[in-house]
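The values are calculated or read from the model by the stated rules, or taken from the named source; none is laboratory data. Predicted model, so just to flag it, every value in this text is computed and none were measured. We place every Cβ from the backbone using ideal geometry, glycine too, and count neighbours over all the protein chains shown. Only protein heavy atoms, including side chains, enter the accessible area calculation; ligands, DNA and RNA are left aside. Shrake-Rupley method; radii C 1.70, N 1.55, O 1.52, S 1.80 Å.
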Amino acid sequence: MYNKPMLFDYLLSLVSIHVVVATAAGLHVLLYKRDSRSALGWLGLVFLFPIAGALLYTLFGVNRVHRKAHRLSSRFSPEGGRARAELPGSGQASIRRIGLAITGGPLRKDNRVDCYHNGEQAYPPMLQAIEQAREEILLSSYIFDNDRTGQSFIRKLAAAHDRGVAVRILVDDVGLRYSFPTILRLLKKHRLEHRRFMPLRLLPPSLSINLRTHRKLLLTDRCRAFAGGMNISDRQLINGPSKHRASDLHFGFSGPVVADLVRLFIEDWKYAGGSDLNCPEDLPGLAGQAECRVISDGPDETMDALALTYMGVISAARQKVWIMTPYFLPDRKIMGSLQAAALAGVDVQVMIPRQNNWPLVQWALQHNLAELLDSGVRLLLRPPPFAHSKCLMVDDDYSLVGSSNLDPRSLRLNFELGIEVFDSSLNHELCQRFQQAASQCTSFTRRRLDARKLPTRLRDAAAALFAPYL
């Protein structure tokens, strides 16, 4: 039993520890949180909840990585240093200028871009590319499930390794845990060189569920690339065995843009502790008519690159802005861009799943949806299976594809990949796909929003408080 002096000393020690820890965490909040509302919330949590508040901030609030991150700028290209002097003077000059200003990197001309719908279309050419590789295979994925699809990739990768191909696999340490047992056992069994991105561990402490690499990349012999929204999982097979099937889009690239994608993988590979790899000096041969630019985004020096791109191209639109995204929680700035475009007469449509696999996202969206609907933005609800596609189509020849969702987790907390594509053929194909899906959608109307009962409105408002972390 404690006597009074001992109890007093004990409480004094706890208070002292709390003051020191809370002050340190509070200073970090003030220095690194750009959003004043988010900063105020974290400060309250840190100081009002002794020790626990600082611990929660450490696990979920520290989102900036300090690494030597490089945008795809003149360092990567002999002509990059002249990029700002080569701005186009007509047509969609304003949209072309946006990505250049953000990344410093010029558009790569003469690329071919192929669009694949669902795993049934995407996986066969990916597996074929692995089978045909002769020198190198680079693979990065958020989710790499230990299921039939994952195992089929392992077999092809192992066969490539056995015939002397250099195989390097980067998998996110949170994403790989979507299946159990994880794919790590097979990677080790077949002696495939791999790295876990931001491993979760107790000592030294690294438990953040943020700072994940959400990029999906497959690169073979530095001349062919696959990127987009698809993970490696049975879930991506629309007619597959999984109960959680998702429709999706993925893209194949050949041409000069592949070199930029290789450099991005090398940067992530080195950060994850992988061996030093030589960056490609020569651009792959000419392959098509598409002009492409890679946009790297993450909680490091590239933060906000994709958010700025979204705002810029939406503001520059003259005819239409069509968006497909599974998670739609735009911040105030992106909401303003969408509202302004709609008010200016641009056809703004956003397609999201009718039933989200994260209900909190749907609830939080509904709390702030009135402003978009009142401005003329049309929200389309796509029926099951879960729509995981991510793309933005602006006017007649611009598309933005890649791994990023339109929510704070993608735009602030994850490492993401965006690829700008100036190509009327791809834009037309994606718009046709959008229209086909739209014919099966229902519109989320202001009347439906106003019909929510008080408990539902309170639920939605409470969910919106957590929007920066969803």
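One table, with the values for the structure above:
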| read-out | value |
| --- | --- |
| Accessible area per residue, Å², the chain with all protein chains present, probe 1.4 Å | 45 |
| Share of carbon and sulfur in the accessible heavy-atom surface of the chain [1.4 Å probe, %] | 57 |
| Range in the chain, longest, excluding exposed GluC sites (Glu not before Pro) [loop by DSSP; at most 16 other beta-carbon atoms within 10 Å] | 302-470 |
| Rounded Å value of the spacing that divides the Cα centres of segment 305-337 and segment 125-179 | 33 |
| Global geometry of segment 114-176, whether rounded, prolate or oblate, following the gyration tensor of its Cα atoms and the 1.5 cut on a/c | oblate |
| Helical contribution to [θ] at 222 nm, DSSP H n ≥ 4, -39,500 (n - 2.57), averaged over the chain, rounded to 500 | -12000 deg cm²/dmol |
| 31 Å Cα-Cα threshold exceeded, pairs from 333/453; 156/243; 189/390; 216/243 | 189/390 |
| Eligible aspartates and glutamates near residue 109 by straight Cα distance, threshold 17 Å, same-chain separation 8 or greater | 79, 86, 260, 281, 282, 291, 397, 420, 423 |
| Rg in Å to one decimal, and Dmax rounded to a whole Å, for segment 164-293 via C-alpha atoms | 16.4, 51 |
| Positive-end residue, segment 169-278 charge dipole about Cα centroid, Cβ charges, pick of 252, 264, 197 | 197 |
| Spin-label pair residue 447/residue 20, simplified geometry with 7 Å Cα→Cβ offset, distance in nm | 6.4 |
| Three-way shape label, segment 286-361, alpha-carbon gyration tensor, a/c 1.5 | rounded |
| Stretchable slack from residue 201 to residue 275, in nm (0.36 nm times residue separation minus alpha-carbon distance) | 24.5 nm |
| Cα shape, segment 400-470, gyration tensor, a/c 1.5 rule | oblate |
| Given 11 as the ceiling on other Cβ atoms within 10 Å, longest exposed-site-free region of the chain for trypsin sites (Lys or Arg not before Pro) in DSSP loops | 244-452 |
